[in-house]
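Below: one structure, written as structure tokens.
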Amino acid sequence: MTAPGENAYLPGFFSRTIPLATLFGIKLRISISILALFAALAIHAAYTSFSAGRGGIFEHMALLLLVLALFVCMFLHELGHALLAALRGFRPHMIALSFVGMTSFERKDARPADEWLIAMGGPLVNLLLGAGILSFVHAPDSGHVIDGWYVPTHTTPVGLAWWIGAANLAIAVFNMLPLFPLDGSRVALGMLSGMFARRQAMRAVLIWSIVCGAGIVIAVAGMLFTGGFEANALHIVLLVLAWVTMSASVRAFAAMRVDGHSA
Ligand SMILES: [Zn+2]
């Protein structure tokens, strides 16, 4: 059971998943596309270590290890949602893992407080993982400068551990942005649902997300204009975020309208 329009953005990410296991009664599913990414990285690692011959095997496998580790962290993030859902009395029944994760549970009779607590369960796991790892591991001295930013290497055990810690902190912060469909928007939705009707709260979150998405596009255009049209990684990340939040919000809006008419 989901509220009108809430999961309308999901099919694109999770249309092709295969069953992986069942854990405490929770069905685990994994998408074919993420398996294909793992396979491509494994083949690349095998090819470069075989053909180049230089550097240790770890150096060639580091990227694959980093992606696998972040995949495990994403799974733990979803377990955080599932655990909070179970603690609030809602039975989680499926976790699907793709480039993003999704936990589904029976949300009939969910109250606003349940919603925002369950939404915070995931980012909280990444925050604990990131803070935990970075309190033991410091950024390695080796690395390079890209666009004026010092980027530590990930091809040593310490560098890899640092990247996993830093990525978890980044994922926690990113997920708490109040933009649909990120967890932060679920927290906002839960809190607003306590004050307004559910439909009104949903509409406010979706309009806010679309306006912010448009604002991000205008800001990136401004940065490109003043910076001589040299795009960097930050611009691309911001544009992807704008596209994800705007397209998901528009789809959720459309689904809300359909539900509204048929109701
Ligand atoms: Zn989450």
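Read-outs: derived from the displayed coordinates by stated rules, not from any lab. Computed from a predicted model, the values in this text were never measured in an experiment. Cβ atoms come from the backbone with ideal geometry, glycine included; neighbour counts cover every protein chain shown.
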May I ask you to list the residues in the range 95-107 that are over 19 Å from residue 22 (Cβ atoms) and either within 11 Å of the ligand (Cβ to nearest atom) or touching a strand residue (DSSP E or B) at 6+ places or on another chain (Cβ under 9 Å) (or both)?
99, 100
Within the range 208-252, track down each residue that is crowded, with 18+ Cβ neighbours inside 10 Å and over 21 Å from the mean Cα position of the chain (by Cα).
220
Given (1) within 11 Å of the ligand (Cβ to nearest atom); (2) under 16 Å from residue 174 (Cβ atoms); (3) not acidic (Asp, Glu), number of the condition residue 82 does not satisfy
(2)
Residue 97 vs. criteria within 11 Å of the chain's Cα centre (by Cα), aliphatic (A, V, I, L, M) and closer than 27 Å to residue 38 by Cβ
yes
Which residues, taken from the range 94-142, are of a type outside the set (S, T, N, Q), closer than 22 Å to residue 160 by Cα and touching a residue at least 40 places away in the same chain (Cβ under 8 Å)?
99, 100, 123, 124, 125, 127, 129, 130
Can you tell me which residue among 148, 132, 121 is among the small types (Gly, Ala, Ser), on the phi < 0 side of the Ramachandran plot, out of contact with any Lys or Arg (no Cβ under 6 Å at 6 or more places or on another chain) and more than 16 Å from the ligand (Cβ to nearest atom)?
132
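So which residues in the range 59-81 are of a type in the set (Gly, Ala, Ser) and either surrounded by fewer than 17 Cβ atoms within 10 Å (Cβ to Cβ) or within 21 Å of residue 29 (Cα to Cα) (or both)?
If the condition is that a residue be of a type in the set (Gly, Ala, Ser) and either surrounded by fewer than 17 Cβ atoms within 10 Å (Cβ to Cβ) or within 21 Å of residue 29 (Cα to Cα) (or both), then 69, 80 are the ones that fit.
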Do any strands (runs of 3 or more DSSP E) entirely within the range 92-185 hold 3 or more residues that are more than 29 Å from residue 196 (Cα to Cα), and if so, which?
92-97, 143-146, 149-152
Would you tally the residues in the range 103-119 being buried (at least 20 other Cβ atoms within 10 Å of the Cβ) and of a type in the set (A, V, I, L, M)?
3
So residue 92, is it within 30 Å of residue 32 (Cβ to Cβ) and either within 10 Å of the ligand (Cβ to nearest atom) or under 15 Å from the mean Cα position of the chain (by Cα) (or both)
no
Taking the stated definitions as given, is residue 161 more than 29 Å from residue 61 (Cα to Cα) and either more than 16 Å from the ligand (Cβ to nearest atom) or out of contact with any Cys (no Cβ under 7 Å at 6 or more places or on another chain) (or both)?
no
Exception for residue 153 within (1) in contact with a strand residue (DSSP E or B) (Cβ under 6 Å, 6 or more places away or on another chain); (2) of a type in the set (Val, Ile, Thr); (3) within 13 Å of the ligand (Cβ to nearest atom) falls at (3)
Go through (1) in contact (Cβ under 8 Å) with a residue 40 or more places away in the chain; (2) surrounded by 13 or more Cβ atoms within 10 Å (Cβ to Cβ) and name the single condition residue 153 misses.
(1)
Please state which of the following conditions residue 110 fails to meet, knowing it meets all the rest: (1) out of contact with any Gly (no Cβ under 7 Å at 6 or more places or on another chain); (2) within 15 Å of residue 186 (Cα to Cα); (3) within 15 Å of the ligand (Cβ to nearest atom); (4) among the hydrophobic types (A, V, I, L, M, F, W, C).
(3)
If the Cβ limit is 6 Å and pairs must be 6+ apart or interchain, which residue in the range 202-231 that is under 26 Å from residue 254 (Cβ atoms) pairs with which residue that is assigned to a helix (DSSP H, G or I) and of a type in the set (Val, Ile, Thr)?
209/245; 213/245
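To keep it simple, each residue is scored yes or no on (1) touching a helix residue (DSSP H, G or I) at 6+ places or on another chain (Cβ under 7 Å); (2) in contact (Cβ under 8 Å) with a residue 40 or more places away in the chain; (3) farther than 29 Å from residue 66 by Cβ.
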{"residue": "149", "(1), (2), (3)": "no, no, no"}
{"residue": "180", "(1), (2), (3)": "yes, yes, no"}
{"residue": "187", "(1), (2), (3)": "yes, yes, no"}
{"residue": "199", "(1), (2), (3)": "no, yes, yes"}
